[in-house]
Amino acid sequence: MLDVGLIRRDPERVRLSAKRRGLDPAFVDEVLRLDEEYRSALTAAESAQAEKNRLSAEIGKAADKAAAARELRPKLDELSGRIEELEQRVRELSPAERGSPLHELLAQAHNILDDSVPEGNDASKNVVVRSWGEPPKLSFEPLPHWELGERLGILDFARAAKLSGSRFSILLGPGARLARALAQFFLDRAQSKGYIEVNPPVLVSRDTMWSTGQLSKFADAMFRDDDADLFLIPTAEVPLTAMHGGEILSADTLPRKYAAFTPCFRKEAGAAGKDTRGIIRLHQFEKVELVWLSAPESSADALETLTRDAEELLRDLEIPYRTVALCAGDVGFNAAKTYDLELWVPSSQSYREISSCSNCTDFQARRASIRLRRDAKAKPELVHTLNGSGLPIGRTLLAILENFQQADGSVKIPAVLQPYMRAERISAG
RNA sequence: GGAGAGGUGGCAGAGUGGUCGAAUGCACUCGCUUGGAAAGCGAGCAGACGUGAAAGCGUCUCGGGAGUUCGAAUCUCCCCCUCUCCGCCA
């Protein structure tokens, strides 16, 4: 959510950010108009209430309360009526009132882009900031991971479809073990870098979902239970970020770094026909998510560190990847700046997204009310929130299968995983 | 699912209709005291919004919402959460 105060102080900055994203900046003028209306209604309502409070206090102070009440009655009744009307108007206009036009405009506005975000309307304008590793030169035609996985007997899509339909998978034997090894490896790494491991709920309330900016924009993309009004998380970013909602954290406890290994659930409604084969896009997948709560002045550095933390995992796994700064038109709703990590997929001879590392600045913190206090006297300020996967299990597993496949159809296990796997390769049979 | 108890400031804990955003204690901040510290003493110490250059002023908030009343932390209703006991269960 955007700060009305910012729109008031610097509307041009907000317009510019919207334009860079390719969005219509007209909402800014609408916000300014509604905000003006709201504040004048609020002032009127509050001064009427002040008058009424003054009269009520007089009754309280009077020696003969009943007599005083009788005397002031007509005036109080008249005030009460007026206050009711004014308050009705305030509610209709309030930015805090769900459903009010002002609230809707503010809630739907995208985060302000960081100045360093490259210009551009779509993914073609994303900028590669660095890359690591060479795509392996295979002496044979690489198999896509779904074929490889089925031949090795570690992936079974037919039976997954029998159980749950399309976009589900079953991992078997060494495949399931490899998934577990990855989770363990990622979590161990996170811990060594000072992340606190968290095992959070994967079902969260509507308020929680809203507070991290997943609603109402992405409501269609989520699985939910209507009776309980609970949502299955599309990413652990949601519980990890919202965990400190409504709290004021003391500055010396920042940054807070959390890592969680959880399943994630996505309907992928907008992706019909896309990546229908294999495990690249499933309704249910697992990942280790990294979340930072940081002081505002440190969040730019924090994004660099978070991104490097995720990159390092790929380097240790010896998977070629590149890091891409998303251009203005490609940065998501919540984020001010995003780096995507893309890894090499031999079967499609292309880089595919594996991790998105974002600085959401105060955008989620404002919705969730996550604040920090610098010292006893200081006013609370909003923290900045950051998130990135480090890393998703399925897509990493896919990359290992494809990049480490051998001419004989077996798959080598990256050295760092061998202790976790207690094996050096996966072979058929 | 059944029965009961309870939700007040960072924490503990008063407050059952009137000047209460809220006693007191602890914690915390600043000052005095001290060679330094502890203790002691004094002052301060919730958040949001509006207004203002600021000091300040105003409004709202005692789990959430609705109501009664001139006036609600206090009374009524609904909801949520926590705890205890019972049942069921991974």
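Looking at A:Ser166, A:Ser124, A:Ser131, A:Ser192, just one residue is hydroxyl-bearing (Ser, Thr, Tyr) and in contact with a strand residue (DSSP E or B) (Cβ under 6 Å, 6 or more places away or on another chain), and that residue is A:Ser131.
Residue-level analysis places A:Leu397 outside the set of residues that are under 30 Å from A:Gly245 (Cβ atoms) and assigned by TED's automatic domain parsing to the domain that holds A:Pro234. Just so you know, in the range A:10-54 the residues that are within 11 Å of RNA strand B (Cβ to nearest atom) and charged (D, E, K, R) include one that is farthest from A:Leu106 (Cα to Cα), and it is A:Arg54.
Within the range A:273-330, can you find the residues that are among the polar types (S, T, N, Q) and either surrounded by fewer than 20 Cβ atoms within 10 Å (Cβ to Cβ) or assigned to a helix (DSSP H, G or I) (or both)?
Passing the criteria: A:Thr276, A:Gln284, A:Ser298, A:Ser299, A:Thr305, A:Thr307.
Scanning the range A:83-125 for residues that are assigned to a loop (DSSP other than H, G, I, E, B), open to solvent by 40 Å² or more (accessible area, probe 1.4 Å) and of a type in the set (S, T, N, Q) turns up A:Ser116, A:Asn121. For the range A:126-143, the tally of residues that are open to solvent by 70 Å² or more (accessible area, probe 1.4 Å) and polar (S, T, N, Q) stands at 2. Among the residues of the range A:365-386, those identified as touching a residue at least 24 places away in the same chain (Cβ under 8 Å), within 16 Å of RNA strand B (Cβ to nearest atom), of a type outside the set (Gly, Ala, Ser) and out of contact with any Asp or Glu (no Cβ under 8 Å at 6 or more places or on another chain) are A:Arg367, A:Asp375, A:Pro380, A:Glu381. A Cβ distance below 8 Å, combined with a sequence gap of six or more or placement on separate chains, defines the contacts here; from the range A:16-39, residues that are assigned by TED's automatic domain parsing to the domain that holds A:Leu102 reach residues that are loosely packed, with under 12 Cβ neighbours inside 10 Å and of a type in the set (Asp, Glu) in the pairs A:Ala18/A:Asp24; A:Arg20/A:Glu119. Screening the range A:57-76 for residues that are loosely packed, with under 15 Cβ neighbours inside 10 Å and within 7 Å of RNA strand B (Cβ to nearest atom) and picking the one that is farthest from A:Leu215 (Cα to Cα) gives A:Lys65.
The values are calculated or read from the model by the stated rules, or taken from the named source; none is laboratory data. Computed from a prediction, not measured in an experiment: that's the story for all the values here. Here the Cβ is made from the backbone with ideal geometry for all residues, glycine too, and neighbour counts use every protein chain on show. All accessible areas refer to the heavy atoms of the entire protein, side chains included, with ligands and DNA or RNA removed. Shrake-Rupley method; radii C 1.70, N 1.55, O 1.52, S 1.80 Å.
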